[in-house]
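In what follows, a structure is listed as structure tokens, so that the remarks can point back to it.
The values are calculated or read from the model by the stated rules, or taken from the named source; none is laboratory data. Owing to the predicted nature of the structure, the values given are computational and were not obtained by experimental measurement. Ideal geometry is used to build each Cβ from the backbone, glycine not excepted, and the neighbour counts take in all protein chains shown.
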């Protein structure tokens, strides 16, 4: 269903018998299950726990499926924490930091790809190396100077330090993949650099933009540290709220599992919907050499 | 171009600020202003046993976790590269750990690894084995974190390796088969070398991210029990925000940054010389 | 003209002066109407109660409260960063006096409240500072007589035990360590019942090890800032504590904070534990606790009660200190504290316990123990800057000993580390 560019070439012997083939296919499925069962199980357990009653949760012999399913933890969570508001916060920050990241990142990636700025590409890589903690105090001071402490704007800017390099990194790969003749032709026709960028390059890398955008949005959604340390009552995001549940609830697994499920839900949905782009984004830059 | 400037500013300002701090004796709770004291903090770090232990732990955790992920990731990619019914579903499912919120996943593992009510120990007991303390045991906490990190990031390695496999040329395989090579020889002598450039990218990213892993450890153990899972990142975090020793903590930030940068540069250089050069 | 001006202006000025004088002496909750106070507190039953009532304060004063409720660690970090960067985003903060007082005083992070208390415009005549428990007034005072915070909680460590199990086996409430161990041994029947538990988690565990430390007359630090973690008595305490946990506590105790210990007890799988009395409310809550009504509350063996205290402080860099002070005053007022006791939460005012409508001494099962413990309580931690470092270093020694290390070795190594730290922090 998804594959990178084209279906992989078959490497098995062409003349194999049909029965042989079927056996091979079953074997492939069986081996792949070794990998996917543990993956699925963690999600399954998270969801299962979130619907169990306290008695079932603390039982020393856990049951796989809730015997008396309850939605009480979800109700509890939504009633006691302004979950909807934090959800909205996360959404706003995710969309804004992705949008801004694309706005600034696309021209940057284009320039790096087109004029082969190797140094610039290395700088982008370095942003990934800087421990996030190094950002905390300088940004806090900056936020106070600008009067934007405890605002979604601040968190958006902070997340931009994650989304922007990611977008640039992925988009370099896509812009490099464009045939140079197209741009040269455009310039012969009298387009300036910006016109070439907007009219020729951008429409051609739209799949890349979706890939970069969706990955950036997910990394913003998942980011914990920035909002945990620099967010306030008006700018808390979901991962922080979920983490706080652990300290507030401690051994109370029901609300924790319900919270974790609610945070992961939008991402799982987005993954299923955009999986082809996701794969392209995640593997961008890996196969060109 | 302005975008590049933004990136440079965003990166260099905090780094330079941290570098400057690392040369001061800034302690938050000292009423007097911080003074420049030169490389004193770095000298302390070199003799601070807790810092050195944290460094060792960071290197071991990263080495083991990334090693396991690379091997499993390649095996997983080889499997997913075969044709079989349900393949696309299997591939889709393998994507989920990469994108799932690390803090949420950490909490789910906390639940599963609970020694008395967790499913892991229930499973062990069902097989007639004694339960483990998982993240609550000094000897089991690092392996437990390796499990969590491996669960979350093996699919990433798989994905990149899969992308590499899909662009493999066919000729070497055909000539190898004519020469009568077996499956293992083909994998070892053809597939793997052809995959190296791709795997390199996965390795680089995994090393960088695991060396500075924070969210998962912070959410699951906060460096405990005792200091049994305290990595450099966790230690410098408590230095700064619980002991308020900003100057000293900054020196560890710079040290960690330099370490990761050095590893990344060495890897990149090695790759240029040996794989492409 | 001049005369007329004189005739009008003088009475006017005098009149104004008189009115403002009269106003100056009258307290009004509305005096800072329209201002905003940012308040940072640690999540606890107390903060839950506060959260429920903060609207009343806004109505009463016409002020707005920006309330952040965070887990302890995060709230510390937030405060640290705030002060690191100059500090104005928080006006009122929650301070663990037993951990932070010496350090924050040195750093100048506490606004001295003495002048505010003396100011009759700012302080409600009904506030009655004298109403606070003696121990509360003691703990908020600095050595040079400043008042650094308004106390909102004074907690004492007690022994929680299962009355029903004790009766079943005909065991008396222990008054010595030997009796405590004997009781633990008699009741220990894993995995159904564990005999005894306490915090094992690094740092947190030093609060509960304060009990054996005080029992064996050991100190963490002497009066000259010399670490004394490796004294014979301290090693005795460490050995007792870790042996008891290794023998009688549930698996994984090394990572138990109060919440895990409490969780075990609530599930009915634990016979005894020592911790702060503030958790009693959660044990008596039948919706969360299987053991509600079956819990006994006793003074710790050796008649000990390690105490801790929390208060609300004002940041010296706050923009609107008067408004912040009004909030402090309201959240520690006699009326507020009475409400706390009615909600079965401890409050540090004597009047709150007398006037509360639920007659706490008769109806709250742990109230009498609380009062008895207050009389004999001694601080759980020494008054030094490096309490957090002490708790980490000694906490790690406890964890190591639980993991099988030799207590003497662990104590020696912790002592050396602590001394290095004290040499720089206690100058």
Of (1) without any contact (Cβ under 8 Å) to a residue 60 or more places away in the chain; (2) crowded, with 18+ Cβ neighbours inside 10 Å, residue A:203 satisfies every one except (2)
Can you name the condition, by its number, that residue B:146 falls short on among (1) more than 7 Å from every other protein chain (Cβ to nearest Cβ); (2) more than 21 Å from the chain's Cα centre (by Cα); (3) closer than 17 Å to residue B:69 by Cα? (2)
Testing residue C:293 on (1) modelled with pLDDT of 90 or more; (2) assigned to a helix (DSSP H, G or I); (3) more than 19 Å from the chain's Cα centre (by Cα), one condition comes back false. Which one is that? (2)
Just checking, which of C:409, C:400 is buried (at least 21 other Cβ atoms within 10 Å of the Cβ), without any contact (Cβ under 8 Å) to a residue 40 or more places away in the chain and assigned to a helix (DSSP H, G or I)? C:400
Quickly run through the stretch C:229-285 and pick out the residues that are free of Cβ contacts under 8 Å to residues at least 12 places away in the same chain, closer than 19 Å to residue C:45 by Cβ and in a loop (DSSP other than H, G, I, E, B). C:285
Could you list all residues from the stretch B:1-60 that are surrounded by fewer than 15 Cβ atoms within 10 Å (Cβ to Cβ), under 23 Å from the mean Cα position of the chain (by Cα) and closer than 20 Å to residue A:135 by Cβ? none
Residues that are surrounded by 24 or more Cβ atoms within 10 Å (Cβ to Cβ) and not in a helix (DSSP H, G or I), drawn from the stretch C:161-194: C:161, C:194
When restricted to C:261, C:254, C:206, the only residue within 20 Å of residue C:389 (Cβ to Cβ) and under 24 Å from the mean Cα position of the chain (by Cα) is C:206
Criterion: under 30 Å from residue A:53 (Cβ atoms) and touching a helix residue (DSSP H, G or I) at 6+ places or on another chain (Cβ under 8 Å) - qualifying residue of C:312, C:270, C:326: C:270
Residue B:159: passes all of (1) in contact (Cβ under 8 Å) with a residue 60 or more places away in the chain; (2) assigned to a helix (DSSP H, G or I); (3) more than 8 Å from chain A (Cβ to nearest Cβ) but (3)
Of everything in the stretch B:1-25, what is within 10 Å of chain A (Cβ to nearest Cβ) and not in a helix (DSSP H, G or I)? Give them in sequence order. B:1
Go through the stretch C:83-114 and give me each residue that's part of a helix (DSSP H, G or I) and free of Cβ contacts under 8 Å to residues at least 24 places away in the same chain. C:84
Inside the stretch B:175-276, counting only helices (runs of 4 or more DSSP H) that do not spill past its ends, which hold 3 or more residues that are within 14 Å of chain C (Cβ to nearest Cβ)? B:215-220, B:232-241, B:246-271
